[in-house]
Amino acid sequence: MIFFLVIALTVSTVLCDIPKQVHISLAGEDSLNLAVSWNTKDVSETSTVKYGLNAGGPYNLEATGSSVQYWESYNHHVVLNGGLEQGKPYYYIVGDEKQGFSKEFSFNAPLNPKSLRSFSFAAFADLGVYNGNPSTKYVETIMNDIDLVWHGGDVGYADDSFLHKGCYTQFCYEDAFDNYMNAIEPWASHLPYMVAVGNHEADCHSPNCIFSKEKREKLSNFTAYNARFRMPSQESGGKLNMHYSFNYGNAHFISIDTETGYEGAAEEDRYVFPCGGFGDQLTWLENDLIEANKNRAERPWIFAQGHHPMYQGDKVNKNFQAAMEDLFYKYGVDIYFSGHVHSYERDLPVYREKVYNESNPYFQPPYPMYVMIGGSGNDEMSDIQRKLLADKKVTKPNFVDIATTVGDHAKGSKWKENDGIGPWTAVVDRDDHVGIGKVTIKDDNSLTFEYIRTKTREVFDTITLTKTH
């Protein structure tokens, strides 16, 4: 009887360890390939993806990779073997022959940029489990209308888990990260989910972690973030998931680390615990931009994203500005996306605090455009529940009206988030409304940006950017 009970428990454990948190990302030369990632509670002999063109199988293609354990579970990453038929729908399962495989997922193979001159992507930052449901569900409704998701840091808010009931003294960091990854699986398993690093990825600083030497060491310096995702750093010469770039269609995307990697960065030496040491980001960034400009005829659009904003309200992040603004301007970055501040702000094209404020500032602007989308829904948006219940359509502000009501903006080197209005400020959406951005590239010279309030699903703000690169 005891023997059979042990066998039953063992089988039950194995069967319950179904691969979860499945997500994909761009990989390979020119991002024509994909990496597939997932999580299991137990170790497995292999990390295997079976895939093919037939729904339900048989899966005639197979690729294997590796797994990494930084705490108790295992994060698996497999780069597919290449040879995907461009644009074709593929069906796949992940797991191991002994431990078992997941349910079936699907993705569409990337298209070659020579044949893809028009596409759409979602852009936002600061999305968590708590208060994030409107945005998470909204992305699920549009996942067949966009080609990828670009998340600019603060991914899941696991480090805030100890602030919630039942977790004040318990260790909930990993559970929070797991819950977030499971919540986004419906679209992250179907669309390339590209992430940048934010301050909430730095470490676990709950009392349970602070008083445990093992947890402090294993969960500090962006360890969980770098173990759970597989971004194309290897292909782009970047460092882990901290800074890297990728191409998609007629655009070049750059994910930067605003937390470390330059003098005066927000967490260059320490968040709660020591952090940093991810290489010479600034040299890498300039070299990456040089190469991107060599290929500008094929990929005219250049976008950058990091967690911290450079311009916000009537303040400027002087350290960030000194490190990167000249590079953005010199090499023609079209839009810089950010978050960190839990609201929305679109700025006029600006360089060194000089605003390009013509009759149509988004027609052939000489300066980059800055967009902050940090209110997608998270633990720290304190008034969000009332707003979710009472959200109503509002009149969209006119950028000229806002920009002409501004006094002298603050000067100095110390930056902090604020509720001011700068001479560069075009449109804001504050007061804990939740929303994300959507970019639709129409062709090599024109794109539309929309900011959508995801609770009401209304387009709150929209502009067309036109540039002859």
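Coordinate-derived values only; no laboratory data. No experiment lies behind these values; they were computed from the predicted model shown. Note: ideal-geometry Cβ built from the backbone for every residue, glycine included; neighbour counts use all protein chains shown.
Extension gain, LYS442-TYR329: 0.36 nm per intervening residue step, less the Cα-Cα distance, totals 38.4 nm. Along region 191-200 the Karplus relation, 6.51 cos²θ - 1.76 cosθ + 1.60 evaluated at θ = phi - 60°, assigns HN-Hα couplings of 10, x, 10, 9, 10, 10, 8, x, 5, 6 Hz to successive residues, with x for each Gly and Pro. Maximal additional length on extending the SER212-GLU85 stretch stands at 40.8 nm, based on 0.36 nm per residue less the C-alpha distance. By the count of other C-beta atoms within 10 Å, a proxy for reagent exposure, CYS167, CYS209 are ordered fewest to most as CYS167, CYS209.
Given the options ASN208, ASN112, LEU289, identify the residue whose Cα lies farthest towards the positive end of the charge dipole of region 111-466 (+1 on Cβ of Lys, Arg; -1 on Cβ of Asp, Glu). Comparing the listed Cα positions along the dipole, ASN112 ranks first.
A Cβ-based charge dipole, computed about the Cα centre of region 51-109 with Lys and Arg at +1 and Asp and Glu at -1, lands at about 120 debye. With the simple model of a label 7 Å out from the Cα in the direction of the Cβ, ASN112 to ASN54 spans 2.8 nm.
Near the amide H of PHE119, within less than 5 Å, lie the amide hydrogens of ILE441, all on another chain or at least 5 residues away, with H placed in the peptide plane. The value obtained for the chain, namely the Cα convex hull volume divided by the number of residues, is 150 Å³ per residue. Around the amide H of GLY153, modelled in the peptide plane, lie the amide H atoms of ASP126, ALA196, all under 5 Å away and 5 or more residues distant in sequence or on another chain. In order along region 374-379, the Karplus-derived 3J(HN,Hα) couplings, from 6.51 cos²θ - 1.76 cosθ + 1.60 at θ = phi - 60°, round to x, x, 6, x, 7, 4 Hz, and Gly and Pro are given as x.
So what's the angle, to the nearest 10 degrees on a 0 to 90 scale, between helix 318-330 and the longest Cα principal axis of the chain? Taking Cα atoms only, the helix is inclined about 80 degrees. Given their separation in residues at 0.36 nm each and the Cα-Cα distance between them, ASP280 and GLU29 gain 88.1 nm when the chain is fully extended.
Looking at region 335-366, the GluC sites (Glu not before Pro) that sit in a DSSP loop and have at most 14 other Cβ atoms within 10 Å of their own Cβ are GLU353, GLU358. The charge dipole of region 111-466, taken about its Cα centre with unit charges on the Cβ atoms of Lys, Arg (+1), Asp and Glu (-1) only, comes to about 440 debye. Residues whose amide H lies under 5 Å from that of GLU458, counting only those 5 or more places away or on a different chain, are ARG453; hydrogens are built 1.01 Å from N in the peptide plane.
The phi torsions of region 183-188, fed into the Karplus equation with coefficients 6.51, -1.76 and 1.60 and a -60° offset, translate into couplings of 5, 8, 3, x, 9, 6 Hz, rounded to whole numbers, with Gly and Pro shown as x. Against the chain, whose longest principal axis is taken from its Cα atoms, helix 133-142 shows a tilt of about 90°.
Between ILE18 and VAL272, the modelled label-to-label distance comes to 3.4 nm, taking each label 7 Å out from Cα in the direction of the beta carbon. For the chain, DSSP calls about 75 percent of its internal beta bridges antiparallel.
Rounded to the nearest 0.05, the FRET efficiency derived from the C-beta distance between TYR70 and THR466 at R0 = 30 Å is 0.10. In region 282-380, which trypsin sites (Lys or Arg not before Pro) are in a loop and have at most 12 other Cβ atoms within 10 Å, using DSSP for the loop call? Qualifying residues, ordered by number: ARG352.
The C-alpha atoms of the chain define a longest principal axis, and helix 2-16 lies at about 20 degrees to it. Fewest-first ordering of SER376, SER236, SER446, SER47 by other beta carbons within 10 Å of each residue's beta carbon gives SER446, SER236, SER47, SER376. Remark: region 131-188 carries a charge dipole of roughly 220 debye about the Cα centre, counting +1 on each Lys and Arg Cβ and -1 on each Asp and Glu Cβ.
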